[in-house]
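The values are calculated or read from the model by the stated rules, or taken from the named source; none is laboratory data. Owing to the predicted nature of the structure, the values given are computational and were not obtained by experimental measurement. Positions of Cβ are generated from backbone atoms using ideal geometry, with glycine treated the same way; all protein chains shown enter the neighbour counts. For the accessible areas, the whole protein counts, side chains as well, though only heavy atoms, and no ligand, DNA or RNA atoms are used. Shrake-Rupley method; radii C 1.70, N 1.55, O 1.52, S 1.80 Å.
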Amino acid sequence: MDQGRINEILDKIAGLAALDYDSEIDIKDNNDELAAIAVGLNMLGEELKAQVVSKNQLTNINSKLEKFAYSTAHDLKSPLNAIAGLVSLIELYSQPENDDLKACIGQLKTVVSNMKNMVIGILNYSRSDSNELDFERLNLHELIQSVIRQDGFGDLAQISIKDQLPVVWFNKISAIQVVRNIFDNAIKYCDKPLCEIAVNVYNKEAHYEIEIKDNGPGIDPKDQSQIFDLFNSLNQPHNSESFGIGLANVKQILQSSGEKIWVESELGAGATFIFTLKKENHVQRN
Amino acid sequence: MYRETEKIKFTMLEGGILNTECFPKTTMTLEDGIESTRISAEMNEGQELPLLCDITNVVKMSQECRKHFAGEEHAKTFSKCALIISNPISKIIGNFFMGLNKPLKPTKLFTNKSDGLQWLQKS
């Protein structure tokens, strides 16, 4: 007689494994251990269903928020471009002799430029969670040298690249964004007369760990968990143009591709950003 | 003082302890939970009194009902709660409630009423 009840329990477990949370075991009149197991499984199914519903609701809300952020940033881009153009025209046509007026126009250009950078940052952040990225073999050494050359980082910092960097498997544009943001931050936040950046790589089993170390002011351990949050820029004297988008963008780019990034730092001792990239061979073999 | 609904008996014991006990084979839904909270609040006259809650006769308690009993509205009606679980089904419901729903006020499981009462009577 109990075999029938045991079969019902097994069916319920199979149902849960198949993500069927709605079926319920009928408890009947028994109040024994088998009935208790059945009640427990029924309740587990209910709890799982409630969690799935909550997760789906959160996913929908996040998706709507991301679309809202993207469309708002996108809509702000055109008027900001127009304002930037008009400010340049005002500067050109008025040719102010009044120093205060000159300074005001200069400040206005800086503010508009900062706003444009912020809007572009939000647009990049909204795009960086895409699952439609194309991955390819990337010679990391060539890629980093190319970023240094194109962005003129070599004129702003002493950059040393230890060893020959490996070939990795990643999206090229995303890899450039990651490297560019980390280099840019190292230079922007540097409090020394000469900014020094060292790039190193560690060979792990399935991936490489890329390490970018700077000689900047360092990050207090209590702040380190927040630096990858959107709109979180720490209050440091050199960060007036920071909107707290760059590192959030970097983290989202890496995470959405299954990679990781973290920072190791102490105040006054520089910061080391470490991120993972998959080995080309490992991906192809799998 | 005594009241009852279709599913629950409410008795105010000496010493100001509210005792609730379900009728046999009770299935508790969210509506039953809300009604139970309302009646408890009325019998307590707004005070947070110790609660002796015997769920031995409960054969099913919905997820929404457990969530309600672990929530703020119900927590306003008692200071601490002794849950009596004296058969396999009530034991699993009680343990599920404690583990997953995590009630806001001090709550303990007991397999008999006298141990539960003793704990409630301690200040």
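Taking every residue in B:59-66 and counting other chain Cβ atoms within 10 Å of its Cβ, the average works out to 4. Positive-end ranking of A:Ser160, A:Leu123, A:Val39 along the dipole of chain A, with charges on Cβ about the Cα centre, is headed by A:Ser160. Name the long-range amide H neighbours of B:Ile55: under 5 Å, sequence gap of 5 or more, or other chain; modelled H, no Pro or chain starts. Answer set, sorted by chain and number: B:Ile84.
In this structure A:Phe135 has an accessible area near 80 Å², from a 1.4 Å probe over the protein heavy atoms. Between A:Ala82, A:Ile173, A:Ile144, the Cα set farthest toward the positive side of the dipole of the protein assembly as shown (charges on each charged residue's Cβ, about the Cα centre) is that of A:Ile144.
Taking Cα centre as origin and charging only the Cβ of basic (Lys, Arg, +1) and acidic (Asp, Glu, -1) residues, the dipole magnitude of the stretch B:2-116 rounds to 460 debye.
Taking only protein heavy atoms and a 1.4 Å probe, the accessible area of the stretch A:1-127 is 60% carbon and sulfur.
Only helices enter the 222 nm calculation for chain A: every DSSP H run of n ≥ 4 contributes -39,500 (n - 2.57), and dividing by all residues gives -19000 deg cm²/dmol, rounded to 500.
Remark: accessible area buried at the A-B interface is about 1300 Å², both chains counted, probe radius 1.4 Å. Accessible area per residue for chain B, computed on protein heavy atoms with a 1.4 Å probe, is 49 Å². How large a share of the accessible area of the stretch B:2-116, in percent, is made up of carbon and sulfur atoms when the probe is 1.4 Å and the other protein chains stay in place? Carbon-and-sulfur percentage of accessible area, whole number: 53. If only the Cβ of Lys and Arg carry +1 and only the Cβ of Asp and Glu carry -1, the dipole of the stretch A:136-285 around its Cα centre is close to 460 debye. The long axis of helix A:2-17 is offset from the longest Cα principal axis of chain A by roughly 10 degrees. Binning all Cα-Cα separations of the protein assembly as shown at 20 Å, short to long from zero, yields these whole-percent fractions: 20, 31, 29, 18, 2, 0. Summarising the amide proton neighbourhood of A:Lys279: residues at separation of 5 or more, or on other chains, whose placed amide H is nearer than 5 Å comprise A:His207, A:Tyr208. Helix A:172-189 axis versus longest C-alpha principal axis of chain A: approximately 60°, rounded to the nearest ten.
Modelled spin labels at A:Asp223 and A:Ser54, positioned 7 Å past Cα toward Cβ, are 3.4 nm from each other.
Think of it this way: in chain A, A:Cys104 stand alone, with no other Cys Cβ under 4.7 Å. Would you be so kind as to identify which of B:Met98, B:Val58, B:Gly71 lies farthest towards the positive end of the dipole of the stretch B:2-116, taking Lys and Arg as +1 and Asp and Glu as -1 on Cβ and the Cα centre as origin? Comparing the listed Cα positions along the dipole, B:Met98 ranks first.
Under a model in which nothing but the beta-carbon of Lys, Arg (+1) and Asp, Glu (-1) is charged, chain A shows a dipole of about 960 debye around its Cα centre.
By its C-alpha gyration tensor, with a ≥ b ≥ c as the square roots of the eigenvalues, how is chain B shaped: rounded for a/c under 1.5, else prolate for a/b larger than b/c, else oblate?
rounded
Indicate the residues belonging to the stretch A:27-55 that lose 30 Å² or more of solvent-accessible heavy-atom surface (probe 1.4 Å) upon moving from the chain alone to the assembly of all protein chains, ignoring ligands and nucleic acids. Relative to the lone chain, where solvent access is computed with a 1.4 Å probe, the stretch A:27-55 loses at least 30 Å² at A:Asp29, A:Asn31, A:Ala36, A:Val39, A:Met43, A:Glu46, A:Glu47. Of the trypsin sites (Lys or Arg not before Pro) in the stretch A:1-84, the ones in a loop by DSSP (not H, G, I, E or B) with at most 16 other beta carbons within 10 Å are A:Lys28. Of all DSSP bridge pairs formed entirely within chain B, close to 35 percent run antiparallel. Among the GluC sites (Glu not before Pro) in the stretch A:174-234, those placed in a DSSP loop whose Cβ has at most 13 other Cβ atoms within 10 Å are A:Glu205. Helix A:140-151 versus the longest principal axis of chain A: what angle, 0 to 90°, nearest 10, using Cα atoms? In chain A, helix A:140-151 runs at an angle near 40 degrees to the longest axis. In the full protein context, the stretch A:80-129 carries 66 Å² of accessible surface per residue, based on a 1.4 Å probe and ignoring ligands, DNA and RNA.
Annotation: amide H of A:Ile161 within the under-5 Å range of A:Val199, sequence separation 5 or more or interchain, hydrogens built in the peptide plane.
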